[in-house]
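Participant: Once you've had a glance at the structure underneath, I'll fire off some questions.
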Amino acid sequence: GGVMLLRTRPSFELQMDRMFRDFFQPTVAQRAGGPPVNITDGDQSLTITAVVPGLSADDITITASHDELSIAGESLGGAAPEGYQALRIERHGGSFKRSFRFPFEIDADGIEAKVADGVLTLTVPKAVTHQPRKITVQQA
């Protein structure tokens, strides 16, 4: 028989793998029909985009604290205008809520949110303690 070598990963590496895997898993809200979301991570902030067709700024509520952010909204859906009869309705209304927990603290006071052309864009700054810093090396 041969010799089998196993390399075990340190628990910190396993925890980091699990944290990022869980971070990008769809939430129950998305599987239930919440808006699709893209999240990109930059050095200083996250950018979150969500597809919210037909919603205005007044239809969307965003809450944030520490390491969590929630996007909620309500759509009227495809109700027929007054005086008309609906022949086919494929777009359904209702409310949604998407919540995200990040592997670091965010700056809730610095979040910017804009909605245009059916896309909600959030800029979510990382807390200063979680932003990369450049350390100057001094000549001795």
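The values are calculated or read from the model by the stated rules, or taken from the named source; none is laboratory data. The structure displayed is predicted, hence computed values, not measured ones. No Cβ is skipped: glycine too gets one built from the backbone with ideal geometry, and neighbour counts run over all protein chains shown. Calculation scope for accessible area: heavy atoms of the full protein, side chains included, ligands and nucleic acids excluded. Shrake-Rupley method; radii C 1.70, N 1.55, O 1.52, S 1.80 Å.
Participant: Could you list, in sequence order, the residues of the stretch 107-140 that are outside any loop (DSSP other than H, G, I, E, B), closer than 14 Å to Ser65 by Cβ and of a type in the set (Val, Ile, Thr)?
Facilitator: Val124
Participant: Pull up the stretch 94-106, narrow it to residues that are among the hydrophobic types (A, V, I, L, M, F, W, C) and within 11 Å of the chain's Cα centre (by Cα), then point me to the one that is nearest to Ser70 (Cα to Cα). Show your work before the answer.
Facilitator: Of the stretch 94-106, the ones among the hydrophobic types (A, V, I, L, M, F, W, C) are 96, 100, 102, 104, 106.
When the remaining residues are screened for being within 11 Å of the chain's Cα centre (by Cα), the result is 100, 102.
Numbers: Phe100: 6, Phe102: 11 Å.
Per the stated criteria, the residue is Phe100.
Participant: Further question: Specify which of the listed residues (Ala57, Ala86, Ala79, Ala140) is in contact (Cβ under 8 Å) with a residue 40 or more places away in the chain, open to solvent by 40 Å² or more (accessible area, probe 1.4 Å) and either of a type in the set (Gly, Ala, Ser) or closer than 16 Å to Gly34 by Cα (or both).
Facilitator: Ala57
Participant: Could you figure out which of (1) open to solvent by less than 40 Å² (accessible area, probe 1.4 Å); (2) touching a Ser or Thr at 6+ places or on another chain (Cβ under 8 Å); (3) part of a loop (DSSP other than H, G, I, E, B) isn't true of Phe104?
Facilitator: All conditions are met except number (2).
Participant: Sort out for me the strands (runs of 3 or more DSSP E) sitting completely within the stretch 36-88 that have 3 or more residues that are of a type in the set (S, T, N, Q) and under 30 Å from Ala127 (Cβ atoms).
Facilitator: Output list reads 45-51, 60-65.
Participant: Tell me yes or no: at least one residue of the stretch 92-99 is touching a Gly at 6+ places or on another chain (Cβ under 8 Å), open to solvent by 80 Å² or more (accessible area, probe 1.4 Å) and of a type in the set (Gly, Ala, Ser).
Facilitator: Yes, the stretch 92-99 contains a residue that is touching a Gly at 6+ places or on another chain (Cβ under 8 Å), open to solvent by 80 Å² or more (accessible area, probe 1.4 Å) and of a type in the set (Gly, Ala, Ser).
One line per residue, one yes/no per condition, for (1) open to solvent by less than 80 Å² (accessible area, probe 1.4 Å); (2) modelled with pLDDT of 80 or more; (3) more than 23 Å from Pro132 (Cα to Cα); (4) out of contact with any strand residue (DSSP E or B) (no Cβ under 8 Å at 6 or more places or on another chain):
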| site | (1), (2), (3), (4) |
| --- | --- |
| Gly1 | no, no, yes, yes |
| Phe12 | no, no, no, yes |
| Phe23 | yes, no, no, no |
| Ala29 | yes, no, yes, no |
| Gly42 | yes, yes, no, yes |
| Val51 | yes, yes, yes, no |
| Glu68 | yes, yes, no, no |
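Yes or no, residue by residue, for (1) in contact with a Pro (Cβ under 8 Å, 6 or more places away or on another chain); (2) of a type outside the set (A, V, I, L, M):
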position: Ser95; (1), (2): no, yes
position: Phe100; (1), (2): no, yes
position: Asp107; (1), (2): yes, yes
position: Ile135; (1), (2): no, no
